[in-house]
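Asker: Dumping the structure here so I can ask a few things about it.
The values are calculated or read from the model by the stated rules, or taken from the named source; none is laboratory data. The model shown is predicted, which means the values in this text are computed figures rather than measured ones. Neighbour counts are summed over all protein chains in view; Cβ atoms, including those assigned to glycine, are modelled from backbone coordinates with ideal geometry.
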Amino acid sequence: MARERQMAVAGSNRKTTQADRDWLARKARQVRATCVQMAHDGREGHLSSSMSCVDVLVALYYRWLRISPDQPGDPGRDRFILSKGHGCASLYAVLADRGFFPKAWLDLYARNDTPLGNHSCIHALPVLEWSAGSLGHGLGVACGMLYGLRLDQNPARAVVLLGDGECNEGSVWESATFAAAHRLDRLVAIVDENGIQAVGRSKELMGHTSLEEKFRAFGWYARCIDGNDIQEVLQALEELPIGQGRPCALIARTVGAAGVRFMEDQVLWHYRVPSEEDLARALEELGELPIHKEQGS
Amino acid sequence: MRKAFADSLLNLAAGNSRIIFLTGDLGFQVFDEFHARFGSRYINAGIAEAQMVCAAAGLAKEGWRPLVYSIASFATGRAFEQIRVNIAYPHLPVVVVGAGGGYTYASSGVTHHAAEDLALMSLLPGMTVVAPGDAHEVTELLPQLLQLGGPSYIRIGRYGEATYQADAPVELGRARLLRPGEQVALISTGDLASVTLQAARQLGAEGIHPVVYQMHTVKPLDTATLDELVGRVETLIVVEEHGPLGGLATAVGTWRAARREAPRVVRLGPPDALALGSLDRETLRHRWEYDADAIAQACRAAWSGRERG
């Protein structure tokens, strides 16, 4: 209720139409279908992590980030770092769909000599801002980028997508301290709080503490949102107090492997590779074809 | 060396507006002038080496030339994974500065000992690793490191290190001839160069004249100079203040192993052991037999061994 009031006061400049909402929702289903297909074909799991953050990625890449596939190296572009590198399948799907590389490359996911490794690598795919795989690095790197950009009077923003499990790493909190100390107010950390880690539940491993409260205690603006509601994610992004002295965190509450009911919220689907039958079931439920399997793709 | 580093950094930063300096809350008063002159290009990252290295990587990605500074054991050990993942992996031009290398902080205890730093940094692909011997070598090497397109590590000392004269220029990647000689080669790295020269002077009075090289560059190893020594000397005595694995002696030993004919390699330096007991540095070097007397003794043994043969 409190949040709704706040939104009403803040108001929204966003004019959404039903067609726009439907388009984004469909896009998210297509990206999820792509993830399941890639996991199946590449024999590489991590579906729980790659699918929980699809709605956040769709909101960012189709609406909020200032980026262009025509000028991927534009100095003024927003920087996006996927710090939870194991969730990269959905990022690949979104980047391919936005035209940053050919959709056909999605078939190469997790193969030998691939541009699309099962953890993202800038040598293999230079259009990425950063490599990932080891956790607890992306936020600190983004701090350095923004510090340097600010010295150059470059108004670009940086968004870092972290996992909630990743926040076990102490280095995340070194970065949170640095960002607040240096008032990196164009930094946006989005925590994909799907509650699932490799072999356990995040809440138990964090002692049932609140990430939102932690970021606030570190001097950040912080807000919890439903990370599987694209409209809510977009609303929250637009209401971020960018440029107002504090770094910003969105704690995006999500469901592991969101969008495919039989996979949702199970530690099992952190690593499991979908079978032929799983794939068919998932695609049927999503009602969409993978991005690289559509006609004309 | 720390003063030479700070002065050299000031000069370089005045000529290159992309140079940016990060410290892990160390160097009290040493970098005051840099801070005063360059403002935001000085960053105290706090006691957070991991964050300092990550921030440097991000800065390098945006076209800056960062140097990160901490005590050698923390700079290389505490932030090793950050250096590996964020600097070596993307091959970014960040200079990691380890102050108080080796047993500079001998009496501060094991936490402050840096006898693994050269090994840790040498392990990383694409990393250039240097250990200058005196203030002059720091001043000469630093601008060369900043010319590199990739990462580097420089081990420096603290203050008051002995200086020495040599005609040979300080050229990154090249062993520096400190004293001509024959039959035995003394090869030092880091601030043991002056200790090695001291030994050579003692020996000179006895009619023993080893050739002395300072290998300030540990990686890439100057194999060309080593190759030239084949046939000219019978023994290479490598002097290092570093654990026996992964330092200069290991590198020279690896070079030696690949050759049919090559000089015998003798290593002088700390053993594979913790330096307990809060010893001062001179005592440590004496007990572990790599001070000037021990170097001279090893050289005499190699020299007389040759005469007996």
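Asker: Can you report the number of residues in region A:54-93 which are among the aliphatic types (A, V, I, L, M) and within 23 Å of B:TRP64 (Cα to Cα)?
Answerer: Counting residues in region A:54-93 that are among the aliphatic types (A, V, I, L, M) and within 23 Å of B:TRP64 (Cα to Cα) gives 3.
Asker: Quick one: what pairs do we get from region A:163-178, first residue more than 9 Å from every other protein chain (Cβ to nearest Cβ), second crowded, with 24+ Cβ neighbours inside 10 Å and among the hydroxyl-bearing types (Ser, Thr, Tyr), C-beta under 7 Å, 6+ apart or different chains?
Answerer: The qualifying pairs are A:GLY163/A:SER49; A:GLU166/A:SER83.
Asker: Which of the residues that make up region A:20-38 are in contact with a Phe, Trp or Tyr (Cβ under 8 Å, 6 or more places away or on another chain) and either small (Gly, Ala, Ser) or not in a helix (DSSP H, G or I) (or both)?
Answerer: None - no residue of region A:20-38 is in contact with a Phe, Trp or Tyr (Cβ under 8 Å, 6 or more places away or on another chain) and either small (Gly, Ala, Ser) or not in a helix (DSSP H, G or I) (or both), so the list stays empty.
Asker: Can we say A:THR254 is among the hydroxyl-bearing types (Ser, Thr, Tyr) and either touching a Ser or Thr at 6+ places or on another chain (Cβ under 7 Å) or modelled with pLDDT of 95 or more (or both)?
Answerer: Yes: the conditions hold for A:THR254.
Asker: Return the total of residues in region A:195-222 being in contact with a strand residue (DSSP E or B) (Cβ under 6 Å, 6 or more places away or on another chain) and among the charged types (D, E, K, R).
Answerer: 2
Asker: Could you check A:ARG63 against (1) surrounded by 21 or more Cβ atoms within 10 Å (Cβ to Cβ); (2) over 13 Å from the mean Cα position of the chain (by Cα) and say which number it fails?
Answerer: (1) is the only condition that A:ARG63 fails.
Asker: Also, quick follow-up: Give me the residue from region A:153-162 that is touching a residue at least 40 places away in the same chain (Cβ under 8 Å) and assigned to a loop (DSSP other than H, G, I, E, B) and, out of that set, farthest from A:HIS208 (Cα to Cα).
Answerer: Looking at residues that are touching a residue at least 40 places away in the same chain (Cβ under 8 Å) and assigned to a loop (DSSP other than H, G, I, E, B), I get A:ASN154.
Asker: Are there any strands (runs of 3 or more DSSP E) wholly within region B:170-269 with 1 or more residues that are under 23 Å from the mean Cα position of the chain (by Cα) and surrounded by fewer than 24 Cβ atoms within 10 Å (Cβ to Cβ), and if so which?
Answerer: Per the criteria, B:176-179, B:211-214, B:217-219, B:233-239, B:264-268.
Asker: Would you point out which residue out of B:THR250, B:THR235 is in contact with a Phe, Trp or Tyr (Cβ under 9 Å, 6 or more places away or on another chain), at pLDDT 95 or above and among the β-branched types (Val, Ile, Thr)?
Answerer: B:THR235
Asker: Within the bounds of region A:216-228, is there any residue that is touching a Gly at 6+ places or on another chain (Cβ under 7 Å), modelled with pLDDT of 95 or more and farther than 30 Å from A:THR17 by Cβ?
Answerer: Scanning region A:216-228 turns up no residue that is touching a Gly at 6+ places or on another chain (Cβ under 7 Å), modelled with pLDDT of 95 or more and farther than 30 Å from A:THR17 by Cβ.
Asker: Could you check how many residues of region B:253-272 are of a type in the set (Lys, Arg) and touching a Pro at 6+ places or on another chain (Cβ under 7 Å)?
Answerer: Adding up the residues that qualify gives 1.
Asker: Further question: Taking region B:37-84, which residues are within 23 Å of the chain's Cα centre (by Cα), of a type in the set (A, V, I, L, M, F, W, C) and within 19 Å of A:ALA142 (Cβ to Cβ)?
Answerer: Hits for region B:37-84 are B:ALA50, B:MET52, B:VAL53, B:ALA56, B:ALA57, B:VAL68, B:ALA79, B:ILE83.
Asker: All but one of (1) surrounded by fewer than 22 Cβ atoms within 10 Å (Cβ to Cβ); (2) out of contact with any helix residue (DSSP H, G or I) (no Cβ under 7 Å at 6 or more places or on another chain); (3) away from chain A (no Cβ under 14 Å) hold for B:GLY102, so report the exception by its number.
Answerer: B:GLY102 satisfies every listed condition except (1).
Asker: Condition first: within 25 Å of B:LEU279 (Cα to Cα) and part of a helix (DSSP H, G or I). Can you find one or more residues in region B:120-131 that meet it?
Answerer: Yes, region B:120-131 contains a residue that is within 25 Å of B:LEU279 (Cα to Cα) and part of a helix (DSSP H, G or I).
Asker: What residue, of A:LEU151, A:LEU82, A:LEU108, A:LEU135, is surrounded by 23 or more Cβ atoms within 10 Å (Cβ to Cβ) and either within 11 Å of chain B (Cβ to nearest Cβ) or among the hydrophobic types (A, V, I, L, M, F, W, C) (or both)?
Answerer: A:LEU82 is the lone residue from the list that is surrounded by 23 or more Cβ atoms within 10 Å (Cβ to Cβ) and either within 11 Å of chain B (Cβ to nearest Cβ) or among the hydrophobic types (A, V, I, L, M, F, W, C) (or both).
Asker: Let me ask another. With (1) among the hydrophobic types (A, V, I, L, M, F, W, C); (2) farther than 18 Å from A:ARG66 by Cβ; (3) not in a helix (DSSP H, G or I) as the list, and A:VAL127 as the residue in question, which single condition is left unmet?
Answerer: Condition not satisfied by A:VAL127: (2).
Asker: In region A:120-137, what count of residues is obtained for those that are closer than 26 Å to B:LEU22 by Cα and either among the β-branched types (Val, Ile, Thr) or in contact with a Lys or Arg (Cβ under 8 Å, 6 or more places away or on another chain) (or both)?
Answerer: 5
Asker: Out of the helices (runs of 4 or more DSSP H) lying entirely within region A:216-297, which hold 2 or more residues that are within 17 Å of the chain's Cα centre (by Cα)?
Answerer: In region A:216-297, A:230-238 are the helices (runs of 4 or more DSSP H) which contain 2 or more residues that are within 17 Å of the chain's Cα centre (by Cα).
Asker: Could you identify the single residue in A:ALA252, A:ALA258, A:ALA282 that is within 11 Å of A:VAL36 (Cβ to Cβ) and of a type outside the set (Lys, Arg)?
Answerer: Every option except A:ALA282 fails the conditions.
Asker: Looking at B:GLU289, is it more than 28 Å from B:ASP167 (Cα to Cα), within 20 Å of the chain's Cα centre (by Cα) and either in a helix (DSSP H, G or I) or not assigned by TED's automatic domain parsing to the domain that holds B:HIS112 (or both)?
Answerer: Yes: the conditions hold for B:GLU289.
Asker: I've got another one for you. Can you find, within region A:179-193, the residue that is farthest from the other protein chains (Cβ to nearest Cβ) among those that are part of a helix (DSSP H, G or I) and surrounded by fewer than 24 Cβ atoms within 10 Å (Cβ to Cβ)?
Answerer: A:ALA180
Asker: How many residues are of a type in the set (S, T, N, Q) and within 12 Å of another protein chain (Cβ to nearest Cβ) if we restrict to region A:118-132?
Answerer: 2
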